[in-house]
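Below is one structure; the comments refer to it alone.
Derivation of every value follows stated rules applied to the coordinates shown; laboratory data play no part. The structure presented is a predicted model; accordingly, all values stated were derived computationally and were not measured. Glycine also receives a Cβ, built like all others from the backbone with ideal geometry; neighbour counts cover every protein chain displayed.
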Amino acid sequence: MARPEPHRRRPRWSPASRLGLPARFALTLVVVGLPIGVGGTQVVVDRQVAALEATAEDSVRGVLQLLESSVTNLVVTGDISGLHDELGDVRRHEGVTDTFVVDEDGVLLADGTDDEDRRFTRPELHAEVLAAIASSPGEPFLFEHDQHLDTALPLMLGDERIGVVVVEYSLAEVRAEAVRSQRTGVALGLAFTGLAGLAVALLAVRLTRALVRLTDFARVAAEDHLPRVLAAVREGRPVEAHLLAAPAEVGNGREARRLADALGTYGSVVTGMAGDLARLLRETDARFASAFDGSAVGMAILDPEDGRPVAVNDALCRLLGRSRADLLDASLPALVHAADRPVYDARLTALLEGNAPGAPVEVRYVRGDGEVVWTMASAAVHRDEDGALRAVFLQLIDASARKRAEGDLIRLAYHDVLTELPNRAYLLETLERALTRARRTAAPLAVLLLDVDHFKVVNDSLGHDAGDVLLREVAARLRAVVRDGDTVARFGGDEFVVVAEAPCDEPSATALAERIGAALRAPVVVNGRPVHVTASIGVSVSKGGRDARGLIRDADTAAYWAKSRGRARHELFDEELRRRADARLETEQELRLALERDELVPYYQPVVCTTTGEVLGLEALVRWEHPMRGVLAPGAFIEVAHETGLVVPLGRRVLEQACRDLATWDALGPARPWVSVNIDAQQLHLDGFADEVAHVLRETGTDPGRLKLELTENAFLDQASVEAARRLRALGVPLAVDDFGTGYSSLHYLRRLPVDVLKVDRSFLEDLSVDPQADAVVRAIVELSHTMGLTVVAEGVETPEQLATLAAIGCDASQGYLIARPMPAGSVPGHLAGEAAPPAVPVLSGAVGTS
């Protein structure tokens, strides 16, 4: 592309620009010197005129001084004839043209002429004299009139002026002499200026010969030498061959010689700098080529006209799986994946127009083997100093690994690693989209939330690996039973959610829940052992304006009620469940307030010797003294306390109060029973729980041997729980297994636990003394427990027959409504003293459970 010529400003034309340098020097000298010479001549002439005029004045003054005394006497004597004679002599002086005498009144007395009329020859002079007499009565004065110098001298007789004598001197000769001097000066000035101009022109001609040679040298340097040097620099050729020598003949002038030497030095410096620049350019080109070819980033230089590569490096060849020749013959835009071509073209167009942002863009290219490679493409343009586009630099970084990592991150963000199911985040987004589609078609969809029953037991007893196997199998069975288009997600822990896309009404959703339950019933083999799996399933069907979270919450509520009703079943969410959920929420809120208000207190149920009826101890059973609903048994709130974690502060309060009550009873009487307190698994798993119990014992002064802690057998399913129990046992506190027979432990496993007491659950006593098999089971438990050195306590004794049977088979202790109902702490001393126990406080309607 040809570079445009630089704009050169044309000089303004003037007539002088047509003249040569010598003529310009001469013309300048004339234009400047002539006015100076003429002005100088005029000054000299003016000074000469002033000198002549001064001489004339002196002459006139001298004449007046000669006349003053004689004329005064003649006026005083009235000798007019003598005045005429005296003035006549004055008239004959050279230069005097007129003279006369006037009296005090201005009357002409004499004028030195023979005229008898005695009148002024020039009335205007007469008027001037009269005016001068009036303004200057006693002083002589001079005034010029035309080409005459008039001098007036007052004639004084003492202090009285008696007249005036006037002498007129002609200045014509003086003025004529001044004109002659002026003409002579101008002529001499013109002659001098002409001769000087000629001399200057001759000198300038001599000097400009050298300047012309130097000008020609500078023109050649600018128009020929410098372009050849720059071309050599651009083409990488040596520049020393273009060294320009200074002109040899420039005259003998020192300045011209110095200027010639300077121009020669300039040429040498330019050539030297160009040589250095050429070397730097070659080194830069070499470094660029080394960096370009050796870079691990794919690079190409593109022709901005058609996008074809001008140069490519090895990294680009490897990245695109093509040879260098193939890439140089191809158009890189044509290798862009079809789906990314619009983005590529738009970014390239914006880049060429100067509007592209600097951030790289993801572009897929098609390799030579047909595979697609992800790249991060960035480009930059090179423009010359005129703004013309010269090249496009393209960089391609292999982004395949990053895209794979992004895919993995997306999968991790939206999928569960263990089961490879969608996770909670993906589920919520999917459900929102499904609800949007369902609203458009006015068709219902269903959400099923599954909570795997007793998963913690399996996880704790068989290990986390076994739990993972179980969850993966549940996920696989769920995927197999749902319809195409439905979504199965792991919601968290042992919870799964199924989104049954519309249309799915309540009957369809219920049928799906039944199919899921059936699919889960087949045992799962874990570590070679069959594990039976069931799930509590909550079902919610979209109605009205429920959003995704609302539907899942409804399904969770239904699953909660399915679990509370015995597990391994499903519940359909309805308004009744909503009311129950609201009531449960209300219970939670009131329970928190009850803890703050000390409304939760222990009631005590005696434990007696089965054979003698002696009170051995008391079990602390929590009651809620509700201000509106009366005394509530644990069944009304304990499950909520478990689920919300409130069971921990609740259990701590019961433990502290039981120990304080025990100290109070000791102070009131001789009876010294023990007190048992139920400990929840959540308390047992707390760090430092044994230290907390030790602190309560110290603060209340309670003998550790008189405090029994009861734990359900499910609390001992992991080794950490066993170790926590051993730390409690190390304090000297006896431990009891509560509700034995309802959990998942065995007598063999029980042998390894640090326990002292085994409490048989009330479910074993229901058919006692009625069913011989029930009697045999309880007998076996009692005998095996005794074999292991354990004390056996039967719970829930309600009939004399049950008590008699327990005594017959050797059960150590019993408790239940037959013996005594739970009572407040204030009733315990009377009961221990053998007094009639007051009526038990009834459990009002709405309270669940009897313990």
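Here the range 672-791 is assigned +1 on the Cβ of each Lys and Arg and -1 on the Cβ of each Asp and Glu. Its dipole about the Cα centre then comes out at about 500 debye. This model, with +1 at the C-beta of Lys and Arg and -1 at the C-beta of Asp and Glu, gives the range 419-573 a dipole about its Cα centre of some 240 debye. For the range 474-528, the list of trypsin sites (Lys or Arg not before Pro) that fall in a loop by DSSP and count at most 14 other C-beta atoms within 10 angstrom reads Arg483.
The equivalent ellipsoid that matches the C-alpha gyration tensor of the range 452-565 spans semi-axes of 26, 15, 12 angstrom, in descending order. The spacing between the range 374-419 and the range 542-599, judged by their C-alpha centroids, is 50 Å.
Roughly what % of Cα-Cα distances in the range 690-830 sit above 19 Å, to the whole percent?
Counting every Cα pair in the range 690-830, those more than 19 Å apart make up 56 percent.
Please give the Cα centre distance for the range 172-202 versus the range 610-633, rounded to the nearest Å. Answer, in whole Å: 150. Run the paramagnetic zone check for Ala443: 7 angstrom along Cα to Cβ, then residues of the range 508-531 with backbone nitrogen under 20 Å. Of the residues in the range 508-531, 508-513 have backbone N under 20 Å from the label point off Ala443. Entry for the range 295-405 at q = 0.10, 0.17, 0.20 Å⁻¹: log10 I(q)/I(0) = -0.26, -0.78, -1.08, Debye formula applied to identical alpha-carbon scatterers, no solvent contribution.
The alpha-carbon of Lys708 sits under 22 angstrom from the alpha-carbons of these lysines, leaving out residues fewer than 8 places away in its chain: Lys759.
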